[in-house]
Amino acid sequence: MRFSKTGRAKYISHLDLMHTMQRAMARCNMPIWFTEGFNQHAYVSVALPLSTGYSGEYEFLDFNFLTETVPENAVEMINSVFPEGLSAQEIYALSDGGMKIANIAWSKYRITWGFESEIPKDFIKDVTELFAKDDIQILKRSKRGEKMVNMKELMKTPEITEKDGTVICEVITGAGNNNMSPEYLTKAIREYLPQYDITDEACHRVCVYTDDMVEFR
């Protein structure tokens with residue numbers, strides 16, 4: 001299922017999102033496969049979970065149906081019971097042109113940076129020059145610990161513009177095994193350009209792609 005998580009729903013944590021999906025499936029009587037055993041529950045899995053506070057319009061939920069085909073009105077069924085901010089766009093089977101979650105390699109984000117007053121005079125120029133460099137070392141955290149990495153190897157050169165008194169950065173970063181959260185762009189600015197005080201940051205996922213930059217489906 002491709003779905004969006006926007007508005008107030010961006011504050012739903014990953015664990016609570018799992019519970020929300022399971023309850024929504026049960027409420028609309030979706031013919032979904034349940035685990036067996038004493039504590040039975042609907043099996044659902046979100047690809048590339050968003051950090052709490054991030055929104056997205058190209059999110060994916062993986063699950064199994066008990067039926068051989070997807071119910072004709074499956075999208076309407078789930079949307080009728082979803083809370084505010086969650087919305088399904090498409091539900092389809094792997095046999096209907098669907099890709100495996102493991103094929104996801106890149107995510108496109110829209111980062112919005114705000115300031116206490118107006119945008120600093122040289123902010124866009126300096127940030128554009130920073131991310132044009134071939135080597136930007138940053139301390140990256142993962143389940144395996146911390147290490148210094150060249151973040152330019154985990155991202156494509158971003159496009160930075162101004163809109164309504166904020167700075168918009170559209171960037172494609174690594175996902176899956178080479179995941180890099182968009183928060184590292186903000187961290188890099190604060191480390192390499194400490195003269196700029198970013199007071200507000202919002203991240204929104206726009207799309208996800210395979211390794212050869214085909215839109216994931």
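One table, with the values for the structure above:
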item	result
Failed item in (1) modelled with pLDDT of 95 or more; (2) in contact with a strand residue (DSSP E or B) (Cβ under 9 Å, 6 or more places away or on another chain); (3) not aliphatic (A, V, I, L, M), with residue 133 passing the rest	(2)
Positions within the range 93-107 being in a loop (DSSP other than H, G, I, E, B) and either under 23 Å from residue 9 (Cα atoms) or free of Cβ contacts under 8 Å to residues at least 60 places away in the same chain (or both), in sequence order	93, 100
Residue list for the range 56-71, restricted to those being of a type in the set (A, V, I, L, M, F, W, C), crowded, with 16+ Cβ neighbours inside 10 Å and touching a strand residue (DSSP E or B) at 6+ places or on another chain (Cβ under 7 Å)	60, 61, 63
Qualifying positions in the range 14-50 - hydrophobic (A, V, I, L, M, F, W, C), in a loop (DSSP other than H, G, I, E, B) and exposed (fewer than 15 other Cβ atoms within 10 Å of the Cβ)	33, 38
Residues being farther than 12 Å from residue 188 by Cα and in a strand (DSSP E or B) - total across the range 109-147	11
Where residue 87 falls short, out of the listed (1) assigned to a loop (DSSP other than H, G, I, E, B); (2) modelled with pLDDT of 95 or more; (3) surrounded by 12 or more Cβ atoms within 10 Å (Cβ to Cβ); (4) not hydrophobic (A, V, I, L, M, F, W, C)	(1)
Boolean, residue 53 is within 25 Å of residue 202 (Cα to Cα) and surrounded by 14 or more Cβ atoms within 10 Å (Cβ to Cβ)	no
Verdict on residue 83 being under 21 Å from residue 19 (Cβ atoms) and not aliphatic (A, V, I, L, M)	yes
Among (1) closer than 22 Å to residue 202 by Cα; (2) without any contact (Cβ under 8 Å) to a residue 60 or more places away in the chain; (3) under 18 Å from the mean Cα position of the chain (by Cα) - the single one residue 110 does not satisfy	(2)
In the range 113-154, residue nearest to residue 178 (Cα to Cα) [restricted to those that are among the polar types (S, T, N, Q) and over 21 Å from the mean Cα position of the chain (by Cα)]	150
Answer residue from the range 169-188, given it is modelled with pLDDT of 95 or more and surrounded by fewer than 17 Cβ atoms within 10 Å (Cβ to Cβ) and is nearest to residue 116 (Cα to Cα) among those	186
Single unsatisfied condition, residue 165 versus (1) at positive phi; (2) surrounded by 14 or more Cβ atoms within 10 Å (Cβ to Cβ)	(2)
Among the residues listed as 74, 93, the single one being more than 20 Å from the chain's Cα centre (by Cα), buried (at least 17 other Cβ atoms within 10 Å of the Cβ) and in the same structural domain as residue 21 (by TED's automatic domain parsing)	74
Residues of the range 48-71 that turn out to be more than 26 Å from residue 183 (Cα to Cα), free of Cβ contacts under 8 Å to residues at least 40 places away in the same chain and either in the same structural domain as residue 184 (by TED's automatic domain parsing) or not acidic (Asp, Glu) (or both), as a count	6
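The values are calculated or read from the model by the stated rules, or taken from the named source; none is laboratory data. Computed from a predicted structure; not experimentally measured. No Cβ is skipped: glycine too gets one built from the backbone with ideal geometry, and neighbour counts run over all protein chains shown.
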